[in-house]
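Student: Could you have a look at this structure, given as structure tokens, before my questions?
Since every read-out is calculated from the coordinates, none of them should be taken as a lab result. Remember, it's a predicted structure, so these values are computed and weren't measured experimentally. Heads up, the Cβs are rebuilt from the backbone with ideal geometry, glycines too, and the neighbour counts pull from every protein chain shown.
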Amino acid sequence: MNSIDSTPPIQSAAALSSFLKTAHGYDLNRDAPPVDVDRIAELLGICVSEEPRHDAEHAITVGKITLEKDQPARVWINPAENAYGPRRRFTLAHEIGHFCMHRSTNQTTFVDTKATMNRRESFWNRFESEANNFAAELLMPGALITSAGRGIIDQFKADNDAEMMPITVFVQQMASRFKVSNLAMEYRIKNMGIKGQQATDISTT
Ligand SMILES: [Zn+2]
């Protein structure tokens with residue numbers, strides 16, 4: 001396994017996408033959505049374990065990453081907290097965010113709980129809010145949101161002979177396509193500037 005020092009610092013999900021293309025010939029958009037987050041962890045040399053742990057220290061841990069010099073990065077995903085597939089994908093993407101952006105800091109371990117992975121509660125914590133934004137952008141790249149979104153809206157209009165698609169139905173179908181939670185998708189499309197009660201168009205002006 002690669003040590004953490006064999007990958008350069010990567011400051012955004014878009015920069016990770018470029019890095020994977022140039023260093024590994026891997027296009028994360030190619031067969032996506034959904035983005036293959038396990039494959040990405042593997043290409044980065046991150047060791048992922050999901051052994052159940054029953055001690056008190058780990059009881060409220062959702063995920064954790066250890067970044068020791070000259071060692072491979074180690075992620076632990078708590079299976080008890082990540083039984084829901086979209087949650088597990090978001091946890092792993094969040095840890096990949098710490099790996100990419102926070103290796104050069106003095107902090108070698110990031111322990112994540114429901115609080116650090118909650119957007120509102122992590123808002124004032126720079127590393128945690130950065131990892132959450134990174135995860136959202138990695139799992140829901142803007143270009144894929146636009147292309148998949150257009151297809152979903154066109155299909156809905158054709159199937160229902162409708163002029164517009166209700167935003168709640170749009171969010172549900174998009175979340176299912178990207179294998180993320182409805183809440184994560186709702187937040188992401190709001191962040192991209194897609195708003196209003198009805199998704200008639202996906203242009204992000
Ligand atoms: Zn974190």
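Student: What full-extension length gain, to one decimal in nm, is calculated for ALA83 and ASP70 as 0.36 nm per residue of separation minus the Cα-Cα distance?
Tutor: Gain in length upon complete extension: 1.5 nm.
Student: So how tilted is helix 142-160 from the main axis of the chain? Cα-based, degrees 0 to 90, rounded to 10.
Tutor: Here the helix axis deviates by roughly 40 degrees.
Student: Report, largest value first, the span of the C-alpha coordinates of segment 142-199 along each principal axis, in whole Å.
Tutor: So the three principal-axis extents are 29, 21, 19 Å.
Student: Tell me, what is the percent relative contact order of segment 142-199, built from C-alpha pairs under 8 Å that lie six or more residues apart?
Tutor: 35
Student: Can you figure out the FRET efficiency of VAL111 with LYS21, using R₀ = 22 Å and their beta-carbon distance, to the nearest 0.05?
Tutor: With a Förster radius of 22 Å, E is 0.10.
Student: Between helix 167-178 and the chain, what is the angle of the helix's C-alpha long axis to the longest principal axis, kept within 0 to 90° and rounded to the nearest 10?
Tutor: Taking the Cα atoms of the chain, the angle to 167-178 is about 40 degrees.
Student: How far is helix 13-24 tilted, in degrees, relative to the longest principal axis of the Cα atoms in the chain, given as a value from 0 to 90 rounded to the nearest 10?
Tutor: Here the helix axis deviates by roughly 70 degrees.
Student: Still on this structure, please answer the following. Please give the FRET efficiency for PHE127 paired with ASP36, using the beta carbon to beta carbon distance and R0 = 35 Å, rounded to the nearest 0.05.
Tutor: 0.90
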